[in-house]
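The block underneath contains the structure these notes are about, expressed in structure tokens.
The values are calculated or read from the model by the stated rules, or taken from the named source; none is laboratory data. Computed from a predicted model, the values in this text were never measured in an experiment. So basically every Cβ, Gly included, is an ideal-geometry build from the backbone, and we count neighbours across all protein chains shown.
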Amino acid sequence: MPEDKNFLDQFSNSGKPASFEEEKRIPVTKERKPLNWKLLIILLAIALILGILAYFLFLAPKIVMPDFEGKSKSDVAAWVKQQGIEPSGIIFQEAYDFDTDEGTILTQSIPAGKKVRKDVKLNFDLSLGPDPEERIKVPDFYSMDKESVQEWINKHKLSKTRVITAYSDTVAENEVIDYQFTGCDEDSFTRGCTLKINVSKGSAPAGKVTVEDFEKKIYETAESWAKAHKVNLVKTEVYSDKVDAGYIVSQSIPSGRTINEGDTLEVVVSKGKAIFMPNMAGWDEHKLDSWIQENPSVRVYREEYYSDYAKGIVISQNVAAKSLLDDDDYIELKISLGNIVELPSSYVGQTYHDYGGLHDWKDKQNELGANIKIERTFEFSDTVPAKAIIRHDMAVEVGGTLHVVVSKGRNILLKDKDNPYHDDDTTRPAKLEWAKLAKGDNITEEEARSLCEQNGVTNFEIRYSYSASRENGYVIYAERWDKLKIDQNTYLPEDIILYIYINDLSMKP
């Protein structure tokens, strides 16, 4: 039988498999191939050709720059849109140029014929025409004829200067009658000012009248002219945002035209700016005041009422929104006083029912919609007189209740006191007692008064009556107005009257 071997014995030096023998490294050398220069050159040439093609296909400028000098801004816009050029790269710089009409391109940053891409950046200088602020020396028009006046206008490119012809009995034909500036005068005249130069057509035929220019002149000017030239004048009034009230907006016959005496000229006269009533509900006082300042001719009357709106907010208006306002219209607005009613001052110390006091104030606020009530409660007070106000709320919500505390005066604690009339008279009580006063037990009127004085009771009334059981001048009985008990250590409110009845024998029936 073969000999049994341990598993580890298989890895001993003597029994080691052949695959576990030590390896030997043998270097291998590969043979290098020679570099193919011809193939490399061909590949580089192909890459260069492809790069050039890509540049011309994708990167090279393709759009030819036109010559825009002497053309307009709209011509540039049309070209930009047609070529798909990015508009943000197009910049126009404006400048005055006497020799070039307004809106004409003077120069361009890229010359004509050059190719550009769609993201090109272009600058154009655009003419604004002659400078309207340039000062122009005004000649002596009265020494010039119509032709020389027109030459002066053309020379200085005065687009706002016009020559108007009219008949004149005093100025020879083609000579200047007069001239009028608008927005400037002779010393401040610029190219941008308006100037009308009236040139004579000579004397008008008999019975003929040359209509003057009345636009933007006060109506009385046309009225006087029509009366002097025997022309019927018809007046129509309209609102105008551009012409002040009382001035002529337009005329039916243009200036310079000849009409017959007795013909009718119609003029349209401005009533001023048309004012439409806005919906003011919800406006605050700042917005309302701004509108009134912008429309000073409008009469506005404000009435203030308490409401749930914030203070100063417009509640309602008597004129409907979008109504056209005339000069004689009167706008009445209700303005909110808010929903808190505040007292302007304190009524503490005042008698609750005094005229002009707290109740009158409440009535005035309720007339304005406050709808408040007063709730009164009473407290004793050593400092505030009876029926006077001790304290009250200083503010109350609309529709709420104002709480007022009214004084009941002092609440006097009744104490028995020593009798100042006792002396050595043992027939008199040594101490004046409230119980004895109440029952009329051997107390004189003087002693009754003394007891009240010593306790600070001032609200008492002495009444005289007849009693067969009491001596003359002695107390019959005393009682409170409310019939409650009078005794030592009870309280007597200051507002409760104490009646003291004294026996008067002269009143015996």
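Descriptive notes on the structure:
- Ser336 crowded, with 17+ Cβ neighbours inside 10 Å and either among the small types (Gly, Ala, Ser) or in contact with a Pro (Cβ under 8 Å, 6 or more places away or on another chain) (or both): yes
- Restricting the first member to region 425-454 and to residues that are closer than 18 Å to Thr490 by Cβ and in contact (Cβ under 8 Å) with a residue 40 or more places away in the chain, and the second to residues that are outside any loop (DSSP other than H, G, I, E, B) and of a type in the set (Ser, Thr, Tyr), the beta-carbon pairs closer than 8 Å and six or more apart or on different chains are Ala438/Tyr477; Gly440/Tyr474; Gly440/Tyr477; Gly440/Tyr501.
- Subset tally (residues that are without any contact (Cβ under 8 Å) to a residue 60 or more places away in the chain, exposed (fewer than 15 other Cβ atoms within 10 Å of the Cβ) and under 16 Å from Gly399 (Cβ atoms)) for region 367-378: 3
- Matching residues in region 252-270 - criterion: being surrounded by fewer than 16 Cβ atoms within 10 Å (Cβ to Cβ) and of a type in the set (Gly, Ala, Ser): Ser252, Gly262
- Among the residues making up region 413-436, those that are part of a strand (DSSP E or B) and in contact with a helix residue (DSSP H, G or I) (Cβ under 6 Å, 6 or more places away or on another chain) are Lys417, Leu432.
- Taking the criterion of being without any contact (Cβ under 8 Å) to a residue 24 or more places away in the chain and on the phi > 0 side of the Ramachandran plot, the only residue of region 162-219 that qualifies is Gly183.
- Qualifying residue in region 187-204 (condition: within 26 Å of Asp145 (Cα to Cα), outside any helix (DSSP H, G or I) and among the acidic types (Asp, Glu)): yes
- Selected residue (criterion: nearest to the chain's Cα centre (by Cα)) from residues of region 463-486 that are surrounded by fewer than 13 Cβ atoms within 10 Å (Cβ to Cβ) and among the charged types (D, E, K, R): Asp482
- In region 144-158, the residues that are in the same structural domain as Lys196 (by TED's automatic domain parsing) and closer than 14 Å to Thr190 by Cα reach residues that are surrounded by 15 or more Cβ atoms within 10 Å (Cβ to Cβ) and of a type in the set (Val, Ile, Thr) with C-beta atoms within less than 6 angstrom, at least six apart or across chains, in these pairs: Ile153/Thr161; His156/Ile136.
- Number of the condition not met by Lys217 [criteria: (1) over 40 Å from the mean Cα position of the chain (by Cα); (2) surrounded by fewer than 19 Cβ atoms within 10 Å (Cβ to Cβ)]: (1)
- Restricting attention to region 208-242, the residues that are closer than 16 Å to Gln180 by Cβ and among the charged types (D, E, K, R) add up to 5.
- Filter result for the condition that a residue is in the same structural domain as Leu402 (by TED's automatic domain parsing), touching a strand residue (DSSP E or B) at 6+ places or on another chain (Cβ under 9 Å) and not hydroxyl-bearing (Ser, Thr, Tyr), over Val348, Val314: Val348
- Among the residues making up region 227-236, a single one is surrounded by 15 or more Cβ atoms within 10 Å (Cβ to Cβ) and either among the small types (Gly, Ala, Ser) or outside any loop (DSSP other than H, G, I, E, B) (or both): Leu233.
- Residues satisfying the stated conditions in region 355-390, i.e. in a strand (DSSP E or B) and among the β-branched types (Val, Ile, Thr): Ile374, Thr377, Ile389, Ile390
- From Val319, Val348, residue being among the β-branched types (Val, Ile, Thr), touching a residue at least 12 places away in the same chain (Cβ under 8 Å) and either in a strand (DSSP E or B) or closer than 26 Å to Val238 by Cα (or both): Val319
- Residue match in region 192-204 (condition: of a type outside the set (A, V, I, L, M, F, W, C) and in contact with a Leu (Cβ under 7 Å, 6 or more places away or on another chain)): no
- Filter result for the condition that a residue is among the small types (Gly, Ala, Ser), touching a helix residue (DSSP H, G or I) at 6+ places or on another chain (Cβ under 8 Å) and either modelled with pLDDT under 90 or closer than 30 Å to Ser203 by Cβ (or both), over Gly103, Gly84: Gly103
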